[in-house]
Amino acid sequence: MNGGPERLSLRRPDDWHLHLRDGPMLQAVVPYTARVFGRAIVMPNLVPPVTTAAAARAYRERILAAVPAGCRFTPLMTCYLTDRTDVEDLAAGFAEATWVAAKLYPAGATTNSAAGVTDVSALDAALARMAEMGMPLLVHGEVTDRSIDVFDREAVFLERVLAPIVRRVPGLKVVVEHATTEEAVRFVEEGPDTVAATITAHHLLLNRNALFEGGLRPHHYCLPVLKRERHRLALRRVATSGSPKFFLGTDSAPHRTGDKECACGCAGVFSAPAALELYAEVFAEENALDRLEAFASLNGPRFYGLPANQDKVTLCRREAVVPSSIPLADGSTVTPFRGGGSVFWSLDRG
Ligand code: DOR
Ligand code: ZN
């Protein structure tokens, strides 16, 4: 570990990309996020997906019912875009603050994306309306073309799909979710101020070797998949640079342990139990702890046009063990990222 402060206070952070699921999984995972984050952008890829404002309101109520007493946590809802998105419902849901953004999943790109968008040109009216209203488009940026190597699908998406959208719809706020490549970093850095990105802790901590370390590691499998070391280094550079275009989004995506540890394991890393601690580790390694607050607590709200949280959290340099397994009420379990291992920063519960 590098020298540096033993304690670090920062404005309460937010998680700008999170999966909470539903039912017993929702009940089990919400407390991990609510204990530290003030708000989170909640992904809409449920089964069935959250495609209407009415469904988003009902889902928000289920989330709030799972927040432990004493936590003030605000879920920020999103609309799952499809080929048949109703532009009036999309706009009305944004105007009444039911949701704050819309998520573009290319159909078939990832978990529960089957109902996603097959042809982005079908979105033209929705995107124009969103630009007018200042409603951000959150993008799972991977092409689904099976002939494209899985490690190249983000870079190809940016060139083939997202660059034309940014050109066609000036003023549209766009978040490249879970950026994983040098190409994504460049796309965001060189794009207009309306283009930003979230970065996960696991893409800052691991490269693709971690998928195969001593055997197949299903708990490191996510989409977009981990990339080469040079991409990880590019992500670390921008995350810790202080640039307002990059902010914290864990993409914490819980799956039951049995759905990960099997012949065709689901994509998703469940990092919520140690999320802020893991980011702090990265920033400490980069001697950039003084920039963690911008990344975790300031850049996101600024991009979304929301106030930063008023209260603070304190991290201290203290080792803690991440639980190796978390029980669900239905008898199954979920396995956290680095489960059974240590984190080197802990939240000070004061
Ligand atoms: O790894 C992932 N898991 N990537 C995604 O895009 C979706 C997520 C999930 O919902 O499990
Ligand atoms: Zn996600």
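The values are calculated or read from the model by the stated rules, or taken from the named source; none is laboratory data. Owing to the predicted nature of the structure, the values given are computational and were not obtained by experimental measurement. Heads up, the Cβs are rebuilt from the backbone with ideal geometry, glycines too, and the neighbour counts pull from every protein chain shown.
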The lone condition residue 22 fails out of (1) farther than 24 Å from residue 196 by Cα; (2) more than 13 Å from ligand 1 (Cβ to nearest atom); (3) of a type in the set (D, E, K, R) is (2)
Taking the range 200-225, which residues are without any contact (Cβ under 8 Å) to a residue 60 or more places away in the chain, buried (at least 23 other Cβ atoms within 10 Å of the Cβ) and not in a helix (DSSP H, G or I)?
-> 222
Just checking, how many residues over the range 109-150 are touching a Lys or Arg at 6+ places or on another chain (Cβ under 6 Å), more than 16 Å from ligand 2 (Cβ to nearest atom) and in contact (Cβ under 8 Å) with a residue 40 or more places away in the chain?
-> 0
Determine, yes or no, whether residue 119 is among the acidic types (Asp, Glu) and more than 28 Å from residue 38 (Cα to Cα).
-> yes
Are there any pairs with C-beta distances below 6 angstrom linking a residue in the range 19-43 that is within 19 Å of residue 99 (Cα to Cα) and among the acidic types (Asp, Glu) to a residue that is at pLDDT 95 or above and assigned to a loop (DSSP other than H, G, I, E, B), with the two at least 6 apart or on different chains, and if so which?
-> 22/46
All but one of (1) more than 29 Å from residue 349 (Cβ to Cβ); (2) in a loop (DSSP other than H, G, I, E, B); (3) under 21 Å from the mean Cα position of the chain (by Cα) hold for residue 78; which doesn't?
-> (2)
Evaluate the following for residue 230: is it away from ligand 1 (no atom under 16 Å from the Cβ), in a helix (DSSP H, G or I) and surrounded by fewer than 15 Cβ atoms within 10 Å (Cβ to Cβ)?
-> yes
Look through the range 96-128, keep the residues that are within 16 Å of ligand 1 (Cβ to nearest atom) and aliphatic (A, V, I, L, M), and return whichever of them is nearest to residue 41 (Cα to Cα).
-> 101
Any hit, the range 326-342, residues being in contact with a helix residue (DSSP H, G or I) (Cβ under 8 Å, 6 or more places away or on another chain), free of Cβ contacts under 8 Å to residues at least 60 places away in the same chain, aromatic (Phe, Trp, Tyr) and crowded, with 16+ Cβ neighbours inside 10 Å | no
Hey, does the range 225-248 have a residue that's at pLDDT 95 or above, within 21 Å of residue 32 (Cα to Cα) and under 21 Å from the mean Cα position of the chain (by Cα)?
-> yes
Checked the range 55-69 for anything part of a helix (DSSP H, G or I) and surrounded by fewer than 19 Cβ atoms within 10 Å (Cβ to Cβ); matches are 57, 58, 60, 61, 62, 64, 65
The range 277-296, residues that are among the hydrophobic types (A, V, I, L, M, F, W, C), out of contact with any helix residue (DSSP H, G or I) (no Cβ under 7 Å at 6 or more places or on another chain) and within 18 Å of residue 6 (Cβ to Cβ) | 284, 288
Please enumerate the residues belonging to the range 297-325 that are touching a helix residue (DSSP H, G or I) at 6+ places or on another chain (Cβ under 6 Å) and not in a loop (DSSP other than H, G, I, E, B).
-> 315
Evaluate the following for residue 93: is it small (Gly, Ala, Ser), crowded, with 20+ Cβ neighbours inside 10 Å, within 15 Å of ligand 1 (Cβ to nearest atom) and at pLDDT 95 or above?
-> no
In the range 245-276, anything in a helix (DSSP H, G or I), touching a helix residue (DSSP H, G or I) at 6+ places or on another chain (Cβ under 9 Å) and away from ligand 1 (no atom under 11 Å from the Cβ) is listed as 257, 272, 273, 274, 275, 276
